[in-house]
Structures are given as structure tokens and as C-alpha cells.
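Here the structure is laid out as C-alpha cells; the discussion comes afterwards.
The values are calculated or read from the model by the stated rules, or taken from the named source; none is laboratory data. Computed from a predicted structure; not experimentally measured. Note: ideal-geometry Cβ built from the backbone for every residue, glycine included; neighbour counts use all protein chains shown.
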Amino acid sequence: MLAALLVPFLVAFCVQRQRSGFLAIEQARAEAEQVATQYGLRVQDVMALRDLAGAYATEGAWRDVVSVFAANRAQLGDALAAVAAAGGRAAALEALQAAGDPERAWSAFRLEPGAVPGLRFIAMRERFAARKPVRD
């Protein structure tokens, strides 16, 4: 009886694992390393930005997100730059102008609905950083 229940569970587990966007991004680490080198970013930043663009987004769309993030990072800080890369540049700049510096701006802005891309970026960056590179 247990063996009969185990087979469908294992099949469902394998199917779900193949659909994982996180694992797809992790498997493309070599590409992320190249993009990170090109833009002067850490690999986990680039992988988290891939998640922000969509795990199965085209390489061009992903590079656009990385480009916007890299261009805004010095001015806005990481979290607000991620918001800008996700299309919320106006909101990120408004938060920065209201607070004066990126840290205070993020502290005030992170409770707003528009902060979700920045929160997701931070969480995914930490998750990718905690993982060891995939080995064959």
C-alpha cells in the first residue's frame, strides 16, 4: 500500500521540481556569472534580478532589468534600484527625494505596495547567496 502511494508522490515531486523557476535560474549560473562580470555585480544579485524579470524571461529582458538596476544602484541603493528595475523608477525616486538618502527612503518605502519587487529581490538574493553552486 505504501509503495503504491509512493510512486504518484515521486512522480508529482519530479514534475514540480522540473517546473521550479528557482532551480532553472540556479542551473543558469554560468550565464549569471558572465552578466555579473559585465555589470560589476555579484552573482546572487544577477540571479535575483533574473527572478525579478521572470525565470523564463528572454535574455534580452533579463539584461534590461540588470542594466536598469546597475544604473540606479549607486543613487537609490539595492532595494530601490530593484523597484526601479521592475518598472517603479518614479516611485523609487519619489521615496528617495522624500527621505534624502537611500537607507531612510527604503525604510519608509518598504511598507508600500510598490516595494514588493525590492522585498522579493532582497529575499531571493539572500536565498541564492545561501545556496552552494550546483555540482554535476
So Ser107 fits all but one of (1) more than 14 Å from Met47 (Cβ to Cβ); (2) in contact with a Pro (Cβ under 7 Å, 6 or more places away or on another chain); what number is the exception?
(2)
Residues of region 12-44 being under 17 Å from Tyr56 (Cα atoms), at pLDDT 85 or above and either touching a Cys at 6+ places or on another chain (Cβ under 7 Å) or not in a helix (DSSP H, G or I) (or both), in sequence order, are Ala28
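Conditions tested, residue by residue: (1) surrounded by 22 or more Cβ atoms within 10 Å (Cβ to Cβ); (2) in contact with a helix residue (DSSP H, G or I) (Cβ under 8 Å, 6 or more places away or on another chain); (3) not in a helix (DSSP H, G or I).
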{"residue": "Arg89", "(1), (2), (3)": "no, yes, no"}
{"residue": "Glu103", "(1), (2), (3)": "no, no, no"}
{"residue": "Gly114", "(1), (2), (3)": "no, yes, no"}
{"residue": "Phe121", "(1), (2), (3)": "yes, yes, no"}
Residue check for Glu26: among the acidic types (Asp, Glu) and free of Cβ contacts under 8 Å to residues at least 60 places away in the same chain:
no
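Would you point out the residue of region 1-29, among those that are among the charged types (D, E, K, R) and surrounded by 13 or more Cβ atoms within 10 Å (Cβ to Cβ), that is farthest from the chain's Cα centre (by Cα)?
Across region 1-29, the extreme among qualifying residues is Arg29.
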Has region 50-72 got any residue that is outside any helix (DSSP H, G or I), within 25 Å of Ala129 (Cα to Cα) and either aromatic (Phe, Trp, Tyr) or touching a residue at least 60 places away in the same chain (Cβ under 8 Å) (or both)?
yes
In region 30-52, what residues are farther than 19 Å from Ala74 by Cβ, surrounded by fewer than 17 Cβ atoms within 10 Å (Cβ to Cβ) and touching a helix residue (DSSP H, G or I) at 6+ places or on another chain (Cβ under 7 Å)?
Glu33
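In the list Ala108, Ala98, Ala129, which residue meets the criterion of being under 22 Å from Arg29 (Cα atoms) and surrounded by fewer than 17 Cβ atoms within 10 Å (Cβ to Cβ)?
Ala129
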Restricting region 74-86 to residues that are assigned to a helix (DSSP H, G or I) and more than 14 Å from the chain's Cα centre (by Cα), which is nearest to Ala115 (Cα to Cα)?
Leu76
